[in-house]
1. If a residue has to be open to solvent by 40 Å² or more (accessible area, probe 1.4 Å), of a type in the set (A, V, I, L, M, F, W, C) and touching a residue at least 24 places away in the same chain (Cβ under 8 Å) to count, how many in region 84-100 make the cut?
2. Are any residues in region 10-38 surrounded by fewer than 16 Cβ atoms within 10 Å (Cβ to Cβ) and within 14 Å of the chain's Cα centre (by Cα), and if so, which ones?
3. How many residues does region 69-90 contain that are out of contact with any Lys or Arg (no Cβ under 6 Å at 6 or more places or on another chain) and not in a loop (DSSP other than H, G, I, E, B)?
Amino acid sequence: DLRFLSNYFGVRALFLKVNDFIQSDLNTDNVSMYWEGANLYKDEQLVVALLEMMAKNFKRIDMSFFITLNPEYFIKVVSSSFLDCDSLSLSIRVAEYLRYFSDDKISGEV
């Protein structure tokens, strides 16, 4: 990950160019790719930015991505002040998330 390496080695110009690229490239279709990298490299700044982006685009991001999120992060998205979602859609999506982690599914995996 160039963002991590440029930061690690202190190459500020590269870090800024990578940030510019991420800002222009990031969208609801590729958020999972950036999320994976941000968590892999423990990039808290990027995690925070991605959580904000997820909240702003909550209804447009595929639910298959959200169910990969640790509950701690899903809670941060749905409780974000940036959340752009009506009450009905929020309720439906939270129910889908919880349904995925239902007791039947959990007990079947143990």
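The values are calculated or read from the model by the stated rules, or taken from the named source; none is laboratory data. Given the structure is predicted, the values throughout are model-derived calculations rather than measurements. Heads up, the Cβs are rebuilt from the backbone with ideal geometry, glycines too, and the neighbour counts pull from every protein chain shown. In case anyone asks, the SASA skips ligands and DNA or RNA and just uses the protein heavy atoms, side chains included. Shrake-Rupley method; radii C 1.70, N 1.55, O 1.52, S 1.80 Å.
1. Final tally of qualifying residues: 1.
2. Once the filter is applied, which keeps residues that are surrounded by fewer than 16 Cβ atoms within 10 Å (Cβ to Cβ) and within 14 Å of the chain's Cα centre (by Cα), region 10-38 yields Asn27, Asp29, Asn30, Met33, Glu36.
3. Selection size over region 69-90: 11.
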